[in-house]
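In what follows, a structure is listed as structure tokens, so that the remarks can point back to it.
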Amino acid sequence: MRELTVELGARRYPIRIGAGLLDDAAGLRALVPGRHALVVSDDNVAPLYLGKVLAALSGKAVGTFVIAPGEQEKTLDRFADALDALSDLGASRDATVLALGGGVVGDLAGFAAACWMRGVRFVQLPTTLLAMVDSSVGGKTAVDLPAGKNLVGAFHQPSAVLADTATLATLPARELRAGLAEVVKYGAIGDGDFFAWLEGHAEALLASEPAAIVEAIFRSCAHKAGVVARDETEQGERALLNFGHTFGHAIEAEQRFGGLIHGEAVAVGMVLAARLSATLGRAPHGDGERLAALLDRLGLPTSLPRGLDAEALLARMRLDKKAVSGQMRLILWRGIGRAEVVAGIDEDAVLRALGG
Ligand code: NAD
Ligand code: GLY
């Protein structure tokens, strides 16, 4: 088992990474000090792993809230259902909400935990690679609106993150690859050595080789924990974690969340952001090609899906949460390992990057 700590001033919480953590009943139980617990999961994950969590919590007052899988469930309606489940449980202020699943379950359960009685304990039990390296760490919780992703939410840090890498054995290969896009992101924005390590371990990662996967999760979480410790509520540096995401979110929304999945859209978005950076003379073209080559080796898309309209994507990008005073802000980069926030970018250049 590997462990690291997210340090937030006087607050701190552990991230534990290793195979079989959900089989450690005592370890799980220790994360739920109060009487009430609500375990949130989805229909794919619950039949596989919910039993282990419930067995560990036996004797406590435990409720379950299981949603249909998929981004389309990350809604205000499902959020209200989660609060109803807490209400039905009679959950008191010492309750714990546990999120067992991917980023959809984590974001939804975390937002319910943030709001129930103005905030109760929250434990992340991520079961996708994307959730292990990104969404379970750092306390961003949210649901989507028809107008866009993650528009309603709160910062609410978990009390612990337990990433049982054995759960990745049942994860569809496409979802594993999507998680690898977020892993590549950390190398691309802040750690050239890690990027080179990923180039050297692409096949091992695709094959889910345990040592490589644990190392990739550990290094990704270490990077994210450092950023979150320095900028918990995204006043500055944390925005860099959104490299590729403004493009990616626009693609997801234009495809009505039925095309590329999140990590795939981020992969395309990173390539477009790199291309835009190179066109603006901010980064070497060769680094963009290296990034696209690594993503391609990891089985990820590197160009826009056919049929998307550049103007429509640009309109979506103007709505992004990073926009300030109506000015679009994008995460661009200087090359491998160095990202930057840039405001006031010429929209024609963005359109050209989108092929418009
Ligand atoms: P997801 O939660 O939809 O999970 C992907 C699919 O894998 C689902 O069908 C799920 O049922 C299935 N699944 C999960 N674990 C499984 C397992 N072990 N075995 C078999 N099937 C399994 O998607 P995701 O990629 O984990 O998360 C994407 C979400 O995360 C998006 O909503 C995104 O906005 C959010 N996100 C949040 C943050 C944050 O900081 N809060 C960061 C990145 C992404
Ligand atoms: N996934 C971006 C962030 O947590 O800030």
Determine which member of the set LEU86, LEU38, LEU100, LEU31 is open to solvent by less than 40 Å² (accessible area, probe 1.4 Å), of a type outside the set (Gly, Ala, Ser), touching a residue at least 12 places away in the same chain (Cβ under 8 Å) and in a loop (DSSP other than H, G, I, E, B). LEU31
Name every residue in segment 103-135 that is without any contact (Cβ under 8 Å) to a residue 40 or more places away in the chain and assigned to a loop (DSSP other than H, G, I, E, B), in order of residue number. GLY119, VAL120
Please determine whether any residue of segment 7-19 is over 22 Å from the mean Cα position of the chain (by Cα) and more than 23 Å from ALA225 (Cβ to Cβ). no
Can you name every residue in segment 191-230 that is small (Gly, Ala, Ser) and either more than 16 Å from ligand 2 (Cβ to nearest atom) or touching a His at 6+ places or on another chain (Cβ under 9 Å) (or both)? GLY192, ALA196, GLY200, ALA202, ALA204, ALA207, SER208, ALA211, ALA212, ALA216
Quick check: is even one residue across segment 142-161 within 11 Å of the chain's Cα centre (by Cα), within 11 Å of ligand 1 (Cβ to nearest atom), at pLDDT 95 or above and surrounded by 24 or more Cβ atoms within 10 Å (Cβ to Cβ)? no
Would you check if there is a residue in segment 294-306 being in a helix (DSSP H, G or I), surrounded by fewer than 21 Cβ atoms within 10 Å (Cβ to Cβ) and at pLDDT below 95? no
Kindly establish whether GLU71 is within 16 Å of ligand 2 (Cβ to nearest atom) and open to solvent by 10 Å² or more (accessible area, probe 1.4 Å). yes
Answer from GLY355, GLY263 - the residue that is under 18 Å from GLY248 (Cβ atoms) and at pLDDT below 95: GLY355
For segment 235-282, what are the residues that are outside any helix (DSSP H, G or I), within 15 Å of ligand 2 (Cβ to nearest atom) and either free of Cβ contacts under 8 Å to residues at least 40 places away in the same chain or surrounded by fewer than 18 Cβ atoms within 10 Å (Cβ to Cβ) (or both)? GLN235, GLY236
Inside segment 58-67, can you point out the residues that are closer than 19 Å to ASP107 by Cβ and open to solvent by 40 Å² or more (accessible area, probe 1.4 Å)? THR64, VAL66
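The values are calculated or read from the model by the stated rules, or taken from the named source; none is laboratory data. Predicted, not measured: the structure shown is a model, and the values here were computed from it. Neighbour counts run over all protein chains shown; Cβ positions are idealised from the backbone, glycine included. What goes into the accessible areas is simple: the full protein's heavy atoms, side chains included, and nothing from ligands, DNA or RNA. Shrake-Rupley method; radii C 1.70, N 1.55, O 1.52, S 1.80 Å.
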